[in-house]
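The values are calculated or read from the model by the stated rules, or taken from the named source; none is laboratory data. No experiment lies behind these values; they were computed from the predicted model shown. Every residue, glycine among them, receives a Cβ derived from its backbone with ideal geometry; neighbour counts consider all protein chains shown. In case anyone asks, the SASA skips ligands and DNA or RNA and just uses the protein heavy atoms, side chains included. Shrake-Rupley method; radii C 1.70, N 1.55, O 1.52, S 1.80 Å.
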Amino acid sequence: MSDQNAQPTVYYATFPSPLGELLLTGDAGGALTSLSVPGQKGGRSVGEGWVRDQTRFAEAGRQLAAYFAGELKEFRLELRPEGTEFRRRVWDALDDVPYGATTTYGEVAARIGASRAAVRAVGGAVGANPLLVLRPCHRVIGADGSLTGYAGGLERKVQLLTLEGGI
């Protein structure tokens with residue numbers, strides 16, 4: 001008999017980076033489901049029953065190393081974050097913000113066809129992005145140009161934008 005309530009296996013790996021040790025998680029199909037940094041608001045930590053598999057994430061590790069070395073501007077990885085339809089639309093819109101550029105929450109709302117009143121909800125979705133760095137939520141700033149919140153910490157947002165030449 002199989003257990004109908006069995007959770008799918010979560011695979012994970014860790015990689016050193018200028019932001020601290022990155023924790024990547026993925027599903028059985030090889031898609032990435034999260035990337036967390038130490039102390040991240042809402043970030044993941046290794047759970048019971050998770051399977052460590054550095055090999056499964058070797059390409060992600062290679063691309064991240066190239067990104068932090070300033071040699072890669074666009075990730076080419078299969079991403080499969082879990083979230084509501086609205087959040088997934090916001091996260092997909094983040095992929096359209098070019099390396100070295102910034103956008104505002106209002107511009108992201110417009111990009112997904114959401115009303116001006118939805119800016120707060122867009123901000124919540126950006127803040128809940130489970131794939132830091134890979135989905136460039138660090139490129140979203142306040143309408144007045146301020147570096148507003150970042151789940152990984154504002155100092156990391158500054159690091160990423162400086163790396164990309166965005167500030």
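Across the range 11-69, C-alpha contacts under 8 Å between residues 6 or more apart give a mean separation that, scaled by the residue count, equals a relative contact order of 34 percent.
What the Cα convex hull of the chain gives, in volume per residue, is 119 Å³.
For L131, the residues whose amide H sits under 5 Å from its own are L35, ignoring neighbours fewer than 5 places away on the same chain, with H placed 1.01 Å from N. Put a dot 7 Å past the Cα of A121, heading toward its Cβ, do the same for E78, and the two dots end up 3.1 nm apart.
One quarter of the convex hull surface built on the alpha carbon atoms of the range 1-82 amounts to 6.4 nm², the projected area averaged over directions.
Mind telling me which of G152, G106, G142 comes out most flexible in a GNM of the chain, alpha-carbon contacts under 10 Å? It is G142.
Accessible area per residue for the chain, computed on protein heavy atoms with a 1.4 Å probe, is 53 Å². Here's the picture: charge each Lys and Arg Cβ at +1 and each Asp and Glu Cβ at -1 in the chain, and of V37, A114, P18 the one pushed furthest to the positive end of that dipole is A114. Of the residues V46, V133, V122, the one that moves most in a GNM of the chain with alpha-carbon contacts below 10 Å is V46. Using a Förster distance of 22 Å, how high is the FRET efficiency between L147 and D95, based on the Cβ-Cβ distance and rounded to 0.05? The formula returns an efficiency of 0.60 here. If R0 is taken as 30 Å, the Cβ-Cβ distance between A69 and V46 corresponds to a FRET efficiency of 0.65. Report the calculated FRET efficiency for D53 and I112 (r = Cβ-Cβ distance, R0 = 35 Å), to the nearest 0.05. Efficiency, rounded to the nearest 0.05: 0.55.
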